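Below: one structure, written as structure tokens.
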Amino acid sequence: MSALLYAFYGDDFTGSTDVLEQLAEGGVPAVLFLRQPDAALRARFPQVRAIGIAGDSRSRAPDWMEQHLPDAFAALGDAATVHYKTCSTFDSSPHTGSIGRALDIGRACFGGSAAAIVVGAPHLRRYVAFGNLFAAAGAEIYRIDRHPTMSRHPVTPMREADLIRHLADQTDARIVLVPLDRIQAGEADAAWREAESEADAVLFDGVSMADLAATGAVLLAHRVRFAVGSSGVTRALVLGWRDAGLIDSVTLAVRASASERLLVVSGSCSPVTARQIIRSSANGYVALEADVPALLRGEDAEESRLVETACSTLAEGGNCIVHSAQGPLGEGATAAGDRLGAALGRVAAAAIRRTGLRRLLFAGGDTSSHGVAELGIDALTWAAPIESGAPLVRAHATDPVVDRLELVLKGGQIGGEDFFETVRLGG
């Protein structure tokens, strides 16, 4: 087995496939496990240089993290750098998906020098300047606490753009900033050295690829063992590995073929996804709105209704959307996102088995995490680009019905109005 440059734990499935994309663009062979890998599972992928575990800690409480993250980190600990992958919008709270608690657990597991925090991801139009996070919505860039969606997130609304202040509600760790002006003056390494002596973790600004390259050089030079943040961590490391000659300067040139049929399974509450559902419905996709209270009550009849209609549509060569909402759900449904995602995943699994479907799109972080878990997949590998942050990935499973299935797992904010058709056509 090749020496591992890097390993990551994704706090949801959509963000985990985003990391696969960053590694593929850097020419780094990688695999994403959908369960904690044992020796036999890892041995099926002997040539990879990076591994990940797709998790669902973004929707979990701190006590759950304390119970599960140490074992996950231990399974990844033979890599040079271990990354706790968060969403690039960094939404979290002291009670749900606490990034601060994950930081504390990682520091306890890996010890050593300060942890790194890298959230800026210019490839996703996410930027950190002087400690404050900004994110795109359409053509506009908003401070995250004024973002039209993330400031109103139904579970973890972002009410603070200053990331050190945001994390102060979740951890007692001392966090010091490496600011943008010093990075762009070529002083990132010096700023790290100054911060490391007084900090438990160091937050890096970043608004450009050059900023990420400077950050990556620091992470490699100081052999930082543990990092927290978006796929900006991954991109920074890829740039650093290239500069250090650890990987070839190769970008994989692959294009996906079109698929005759597509099933979309959406539990997203995002207005971006709502517009995608409306546009696709107008263009001939059959949209099935789930009775969410019935699914949450565990009523088999509602799952059967969705499966039957979806299978009928797909059997006739059509494209189908099974969705729980077009926009925000009520508080009760939002709080039960794990059960809703699992129910939608069972619908998808039944449709795949009955129709032989080969391409599937999940929309929404919780939906992807809990829904994909119902499919019996062991691992995912990158297959082709679709849109930044949402690549096409390929399933690896012992079940031949599921093995080689193609999936796209997209966060609610990803994609233009024609995104579903873009996925069907292969980019």
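The values are calculated or read from the model by the stated rules, or taken from the named source; none is laboratory data. This is a predicted model, so every value here is computed, not measured. Note that we place each Cβ from the backbone using ideal geometry, even for glycine, and neighbour counts take in every protein chain shown. Ligands, DNA and RNA are excluded from the accessible area calculation, which covers all protein heavy atoms including side chains. Shrake-Rupley method; radii C 1.70, N 1.55, O 1.52, S 1.80 Å.
Each row is one residue, and each column tells you yes or no for (1) at pLDDT below 95; (2) open to solvent by less than 60 Å² (accessible area, probe 1.4 Å).
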| residue | (1), (2) |
| --- | --- |
| 128 | no, yes |
| 134 | no, no |
| 139 | yes, no |
| 149 | yes, yes |
| 158 | no, yes |
| 167 | no, yes |
task: Run residue 280 past the list (1) modelled with pLDDT of 95 or more; (2) farther than 18 Å from residue 417 by Cα; (3) in contact with an Asp or Glu (Cβ under 8 Å, 6 or more places away or on another chain) and report the number of the one that doesn't hold.
output: (2)
- request: Exactly one condition in (1) modelled with pLDDT under 95; (2) open to solvent by 10 Å² or more (accessible area, probe 1.4 Å); (3) in contact with a strand residue (DSSP E or B) (Cβ under 8 Å, 6 or more places away or on another chain) is not met by residue 30; state its number.
  value: (1)
- line: Filter segment 181-194 for residues that are open to solvent by less than 20 Å² (accessible area, probe 1.4 Å) and either modelled with pLDDT under 95 or not small (Gly, Ala, Ser) (or both); the one that is farthest from residue 127 (Cα to Cα) is 192
message: Name the single residue that is most open to solvent (accessible area, probe 1.4 Å) among those in segment 274-291 being polar (S, T, N, Q) and part of a helix (DSSP H, G or I).
response: 281
message: Can you pull out every residue in segment 338-357 that is of a type in the set (A, V, I, L, M, F, W, C) and closer than 14 Å to residue 314 by Cα?
response: 347, 348, 349, 350, 351, 352, 357
message: For segment 68-81, check the following and say yes or no: at least one residue is in contact with a helix residue (DSSP H, G or I) (Cβ under 6 Å, 6 or more places away or on another chain) and in contact (Cβ under 8 Å) with a residue 60 or more places away in the chain.
response: yes
message: Report every pair of residues separated by at least 6 positions or lying on different chains whose Cβ atoms are under 6 Å apart, first residue within segment 93-119 and under 13 Å from residue 70 (Cβ atoms) and in contact (Cβ under 8 Å) with a residue 12 or more places away in the chain, second aromatic (Phe, Trp, Tyr) and open to solvent by less than 40 Å² (accessible area, probe 1.4 Å).
response: 102/84; 106/84; 106/226; 109/73; 110/226
query: Going by the structure shown, is residue 257 in contact (Cβ under 8 Å) with a residue 40 or more places away in the chain and buried (at least 19 other Cβ atoms within 10 Å of the Cβ)?
result: no
- prompt: Looking only at segment 1-27, which residues are in a helix (DSSP H, G or I), open to solvent by less than 20 Å² (accessible area, probe 1.4 Å) and either over 13 Å from residue 85 (Cα atoms) or not hydroxyl-bearing (Ser, Thr, Tyr) (or both)?
  reply: 13, 15, 18, 19, 20, 21, 22, 23, 24
task: Could you please tell me which pairs satisfy a Cβ distance under 9 Å, a separation of 6+ or placement on different chains, a first residue in segment 344-363 that is over 11 Å from residue 262 (Cα atoms) and open to solvent by 10 Å² or more (accessible area, probe 1.4 Å), and a second residue that is assigned to a helix (DSSP H, G or I) and not hydrophobic (A, V, I, L, M, F, W, C)?
output: 346/303; 346/371; 349/371; 350/303; 350/304
- prompt: Quick check: is even one residue across segment 22-31 more than 11 Å from the chain's Cα centre (by Cα) and without any contact (Cβ under 8 Å) to a residue 40 or more places away in the chain?
  reply: yes
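Table: residues versus (1) surrounded by fewer than 24 Cβ atoms within 10 Å (Cβ to Cβ); (2) within 13 Å of the chain's Cα centre (by Cα); (3) not hydrophobic (A, V, I, L, M, F, W, C).
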{"position": "84", "(1), (2), (3)": "no, yes, yes"}
{"position": "88", "(1), (2), (3)": "no, yes, yes"}
{"position": "91", "(1), (2), (3)": "no, yes, yes"}
{"position": "96", "(1), (2), (3)": "yes, no, yes"}
{"position": "100", "(1), (2), (3)": "yes, no, yes"}
{"position": "104", "(1), (2), (3)": "yes, no, yes"}
{"position": "111", "(1), (2), (3)": "yes, no, yes"}
{"position": "118", "(1), (2), (3)": "no, no, no"}
{"position": "121", "(1), (2), (3)": "no, yes, no"}
- request: Tell me, yes or no, whether segment 410-423 has at least one residue that is part of a helix (DSSP H, G or I), open to solvent by 10 Å² or more (accessible area, probe 1.4 Å) and either in contact (Cβ under 8 Å) with a residue 40 or more places away in the chain or not aliphatic (A, V, I, L, M) (or both).
  value: yes
- request: Please state which one of 427, 327 is at pLDDT below 95, more than 26 Å from residue 41 (Cβ to Cβ), outside any strand (DSSP E or B) and open to solvent by less than 10 Å² (accessible area, probe 1.4 Å).
  value: 327
